[in-house]
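The numbers here are math on the coordinates, done by the rules we state, and not lab data. Note that the structure is a prediction, hence the values are computed from the model and not measured. So basically every Cβ, Gly included, is an ideal-geometry build from the backbone, and we count neighbours across all protein chains shown.
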């Protein structure tokens with residue numbers, strides 16, 4: 001009797017479960033079920049979307065890096081940076097452009113003709129401006145920002161704009177004081193103080209190096225000194 005009674009109870013429980021399931025199907029899913037599966041669907045679609053964006057971004061940047069290597073000069077690098085604005089390859093293109101302007105123009109600051117020297121000064125000033133902008137744009141890439149600040153300081157120093165050079169050196173030191181590059185910036189900035197100025201001897205007299213260099217930069221062909 002007990003076994004038969006137990007079987008009867010199991011049949012009733014099964015029938016009750018099936019009945020509830022059929023009733024649920026007739027009524028449709030509950031609001032909680034709909035919300036739950038909607039959230040799951042949104043999460044899945046979001047994950048797939050992010051994954052697609054990452055893959056697309058990686059492929060696009062790979063193509064940009066290859067294109068960057070093919071840029072032969074400053075004009076091409078400038079156009080590449082404009083066409084790919086907002087990307088890391090564009091920043092590197094600007095960095096390379098400024099490097100070329102600075103490295104090629106520095107030896108020409110003492111060219112024979114003042115017009116040529118003025119032309120090179122403009123290029124160095126352009127390089128300094130690019131370096132400063134890169135330093136602000138690249139705070140998320142400390143190594144790039146440090147090189148940009150150091151190069152800006154050197155560019156301004158070569159132009160005799162010592163206040164700007166000192167500011168760039170000090171910004172580098174204060175912002176990235178724990179790095180090797182930044183630790184070197186402090187002593188470099190101190191050279192511009194009145195007690196640390198560099199002097200050279202001309203006709204038996206001590207002359208401020210930067211003033212002398214500026215005078216030489218203004219020299220015309222035929223001038224003796």
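Peptides 99-105, 129-135, 83-89 ranked from most to least packed give 129-135, 99-105, 83-89, packing being the mean of other C-beta atoms within 10 angstrom over each peptide's residues. The value of relative contact order for region 60-125, using C-alpha pairs under 8 Å at least six residues apart, is 23 percent. On the beta carbon distance between residue 141 and residue 110, with R0 = 35 Å, the FRET formula returns roughly 0.50.
Once the Cα-Cα distance is subtracted from the 0.36 nm per residue extended length, the residue 163 to residue 75 segment shows a gain of 28.7 nm. One Cα centroid belongs to region 69-100, the other to region 144-171; the line between them spans 21 Å.
Between residue 133 and residue 65, the modelled label-to-label distance comes to 2.5 nm, taking each label 7 Å out from Cα in the direction of the beta carbon.
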